[in-house]
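Notes for the one structure printed next.
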Amino acid sequence: MIVEAVLLTGGLSRRMGQDKAGLVVKGEPMAARLARLLASRCGHLTVLGREPLPGHKFLADSEESAGPLSALSKFVPTADFVFVAACDLALFDPRLIDICLSLVQGFDACLPVADGHPQPLCALYRATAWSSIAATVSEGKTSMMAWLDSIRYRTITAEGLKASGIDPRSVVGANTPEEWAGMTGGV
């Protein structure tokens, strides 16, 4: 099965106080690190945001601070599956992509759950699910959860992630300096 990836690097990073894409983990800017990890498993990577990353397709945000659903609505999948990742996944583990692929059968998407909440910005979607984004946006809905309400998705619990050898924190974005420090230990 062919999987492509979308890396969301836009957003205002208000709670973080600085651009999350440029935060450094293990000596590498976050966006570049995630692009490398995603590209190690996915055939193609498209960056959606404000700044391109060398060596990857780029689609600029058409509206600043319109949110991830708006950015995703401009993207046109070219593979059977799309893995969507936000640029604040400090502990992202690319093995999650294969786990989601193994569980997506019969569903439009496979999403991990953290603290009882589905994580739509660290998830695998069928390309066919993209048709419902346009309808969701045309109804004036802007949240990722509104899109999820229109598709059939399966979830992976923290226990399921642990059983697969994945740290459950790897699916959660860091939104504040405190969350970032807690996840990365300042590295």
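Quick notes on this structure:
- Region 121-137 - phi-based ³J(HN,Hα) in whole Hz, Karplus 6.51/-1.76/1.60, Gly and Pro as x: 9, 8, 8, 9, 10, 6, 4, 5, 5, 5, 4, 7, 5, 4, 5, 4, 5
- The length gained by stretching the chain between residue 95 and residue 154 to full extension, at 0.36 nm per residue less their Cα-Cα distance, is 19.5 nm.
- Region 87-187: trypsin sites (Lys or Arg not before Pro) in DSSP loop, at most 14 other beta carbons within 10 Å: 152
- Long-range tail of P(r) for the chain (Cα pairs > 31 Å, %): 8 percent
- Where GluC sites (Glu not before Pro) in DSSP loops with at most 10 other Cβ within 10 Å are excluded, longest remaining stretch of the chain: 65-138
- Residue order, fewest to most beta carbons within 10 Å, for 103, 124: 103, 124
- Difference of contour (0.36 nm per residue) and Cα-Cα distance, residue 117 to residue 132: 3.3 nm
- Couplings 3J(HN,Hα) of region 80-88, computed from phi: 5, 10, 10, 9, 9, 9, 7, 7, 10 Hz, in residue order, whole Hz [Karplus 6.51 cos²θ - 1.76 cosθ + 1.60, θ = phi - 60°; x for Gly and Pro].
- Here the Gaussian network model covers the chain, with springs between Cα atoms less than 10 Å apart; of 137, 171, 47, 137 fluctuates the most.
- As a calculated quantity, the FRET efficiency between residue 40 and residue 139 at R0 = 25 Å, using C-beta atoms, amounts to about 0.10.
- Most mobile listed residue (90, 174, 146) in the chain, GNM with C-alpha springs under 10 Å: 146
- Three-way shape call for region 95-146 based on the alpha-carbon gyration tensor, with the a/c threshold at 1.5: oblate
The numbers here are math on the coordinates, done by the rules we state, and not lab data. Keep in mind that this is a model prediction, so the values were computed, not measured. Here Cβ is always computed from backbone atoms with ideal geometry, including for glycine, and neighbour counts include all displayed protein chains.
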